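S.K.: Here it is, the structure in full.
Computed from the coordinates by the stated procedures, all read-outs in this text should not be read as laboratory data. Given the structure is predicted, the values throughout are model-derived calculations rather than measurements. Using ideal geometry, Cβ is built from the backbone for each residue, glycine included, and neighbour counts are taken over all protein chains shown.
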């Protein structure tokens, strides 16, 4: 991800998109979740090698995250003002009294009306949309370089979703932070991101600019997924169905992860995992179709 | 709407009201009422799919439950094939109830984990005394095939299935009594996109095969547009606009419908249409705003809207397209 970029990760449940996000923050539940291999470079440094203390300086300060459940991510027994100023205290070493003023300012920035009154209220007095705004206020409290948003609008109604997406867009413009948007909703992706990664069964199967993916998807999974969404902007047609179901993450497959559901699968797809190869400067694809190995294989 | 005399109306909803008492104070007295459904009237024609859309808390699920008498109404009337369903003895209602079924959102919560597929699907057959023993097993197998599952699943339990498969089991159960009318309450909302399309296609196939009539309740406008023939938009317990699907999506008339449509993120962003961002949240259904219920969030508000409550009226004389808005009537 580049500085200030807006990247989307899209995929269905169980494809590994949330685990990817939690790994970036080093928030995987331990000991069950462990990063086995690989690197995560943030501003040139491998954050997997950092101590927990050093990590605390990055997490929430340079990188922050908002989640799907604004209902459960706030502490029900603390006032909104207390929780927002805690985010400030941790990272900006401000005194609590100055904090209230700053907290009110933050709430105003995320579009909460009457912030002077709201800081004295508790989470249960707020609606879902307002709680998500408060989560965003806390996340941007220390001007992070990267905001990770994991399904931030999935639990919200469409009119509220539109408000939150607009807010994230405006904040990105204002602060120049990069946004990593994790979602299952292609509409949200089209709305807010520049580049997209499509994930399936724990792997990136396709990477492209958002217009490229929507107009000309290359991977059979992406193509199938886009065709199976009922569209508001198109004439009614029969919905496409991807046969079969999502593999269980605990089942190890050799070869391509999508092969059991792919109608183009050939012998090679069963045997070997397709590498993520570059198609042009911005596009990458993990599929055997179009390679010489594929065209030499017999059809299954 | 007084075409109740024409034969093709299957369900008629007349001024349906459902208020829930809100308890409070020292002795939990009823201090107020939550107005979940507030004077809703419409017809459902035989063989059509009527979609009801609205945001959470607008009363759409309560509406579905009252229509099938899972909840008793506060007032109002529902006629099924011209016959009243409220105020008749339970026994008599049970006969009607066979022909009307409801299906819910949650494929995890709506199937009893201790019952095998055979029991789950076969139970309604037993309750209504339709099939027993081997006859029942045959019918269950047949139903599994109808919904696209292998009959060999008959002795399995719900936890052995994926979300989409569970929803298919739910469909098989609702079909067991050969209903003619089905209320589908957010039946695909908890499913992934690729599974969702399978279930939507299944509903369409079943409708064609068994001449079913659907009341399809959802918050997802794209899904409602796909499956419905007519659509009603609900806001705070009332229907604010109702029209055939093509009209409501091409010429939305109510400011709320317009905002709702513009709020959906589109796959092909078109610069031409400007997004209407509503300010604020849905008001509480306990303290419904006076006048037009939408006036607190409306971007077209006039003085009259604060005091005068609009009723559903035809748009430009079109009896199929109804809207409740002061802009259209004044």
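S.K.: Would you give the gap between the C-alpha center of segment A:154-175 and the C-alpha center of segment A:238-300, rounded to a whole Å?
M.R.: So the two Cα centres are separated by 35 Å.
S.K.: Related question: Please state, rounded to one decimal and in Å, the Kirkwood hydrodynamic radius that segment B:9-150 gives when every pair of distinct Cα atoms enters the mean of 1/r.
M.R.: Over segment B:9-150, the inverse of the mean reciprocal pair distance is 17.9 Å.
S.K.: Using only the C-alpha atoms of the protein assembly as shown, find the volume of their convex hull and express it per residue in Å³.
M.R.: 196 Å³
S.K.: How high is the FRET efficiency from residue B:71 to residue B:328, r the C-beta distance, R0 30 Å, rounded to 0.05?
M.R.: It comes to 0.40.
S.K.: Still on this structure, I have one more. Starting with the fewest neighbours, write out B:128, A:284, B:226, B:321 ranked by other beta-carbon atoms found within 10 Å of each beta-carbon.
M.R.: B:128, A:284, B:321, B:226
S.K.: Along the Cα-to-Cβ line of residue B:41, 7 Å from the Cα, sits a label point; which residues in segment B:67-97 have backbone N less than 15 Å from it?
M.R.: Answer for this model: B:75-79.
S.K.: Any chance you could give the angle, 0 to 90 degrees and rounded to 10, that helix A:158-175 forms with the longest Cα principal axis of chain A?
M.R.: 80 degrees
S.K.: When DSSP assigns beta bridges and you keep just the ones with both residues in chain A, what percent turn out antiparallel, to the nearest 5?
M.R.: 40 percent
S.K.: Restricting everything to alpha-carbon atoms, can you work out Rg to Rh for chain B with a Kirkwood hydrodynamic radius?
M.R.: 0.99
S.K.: Taking a point 7 angstrom from the Cα of residue B:95 along the C-beta vector, which residues in segment B:58-85 have backbone N less than 15 Å away?
M.R.: Residues B:80-85 qualify, since their backbone N sits under 15 Å from the label point.
S.K.: Taking a point 7 angstrom from the Cα of residue B:22 along the C-beta vector, which residues in segment B:32-47 have backbone N less than 18 Å away?
M.R.: Only B:32-39 fall inside the zone, counting backbone N under 18 Å.
S.K.: While we're on this one: In the protein assembly as shown, what percentage of the DSSP-assigned beta bridges are antiparallel, given to the nearest 5?
M.R.: If I count the DSSP bridges inside the protein assembly as shown, around 55 percent turn out antiparallel.
S.K.: For segment B:112-178, compute the orientation-averaged projected area of the C-alpha convex hull (one quarter of its surface), in nm².
M.R.: 4.0 nm²
S.K.: Right, something else. Taking the beta-carbon count within 10 Å as an exposure proxy, list B:11, B:37 from fewest neighbours to most.
M.R.: Neighbour counts put them in this order, fewest first: B:11, B:37.
S.K.: In what sequence do A:66, A:168, A:53 fall when counting other Cβ within 10 Å, fewest first?
M.R.: The most exposed by this proxy come first: A:53, A:66, A:168.
S.K.: So, one more: Restricting to DSSP H runs of at least four residues, report the calculated mean residue ellipticity at 222 nm for the protein assembly as shown, -39500 (n - 2.57) per run over all residues, nearest 500 deg cm²/dmol.
M.R.: -9500 deg cm²/dmol
S.K.: Let me ask something additional. Antiparallel as a % of all DSSP beta bridges within chain B, to the nearest 5?
M.R.: Taking every DSSP beta bridge within chain B, about 65 percent pair in antiparallel fashion.
S.K.: Here's something else I'd like to know. What's the FRET efficiency of residue A:273 with residue A:34 using the Cβ-Cβ distance as r and R₀ = 25 Å, to the nearest 0.05?
M.R.: 0.70
S.K.: If R₀ is 22 angstrom, what is the calculated FRET efficiency for the pair residue A:296 and residue A:254, using the beta carbon separation as r and rounding to 0.05?
M.R.: The value I calculate is 0.65.
S.K.: At 0.36 nm per residue, minus the direct Cα-Cα distance, what do residue A:53 and residue A:174 gain on full extension? Give it in nm, one decimal, please.
M.R.: 40.6 nm
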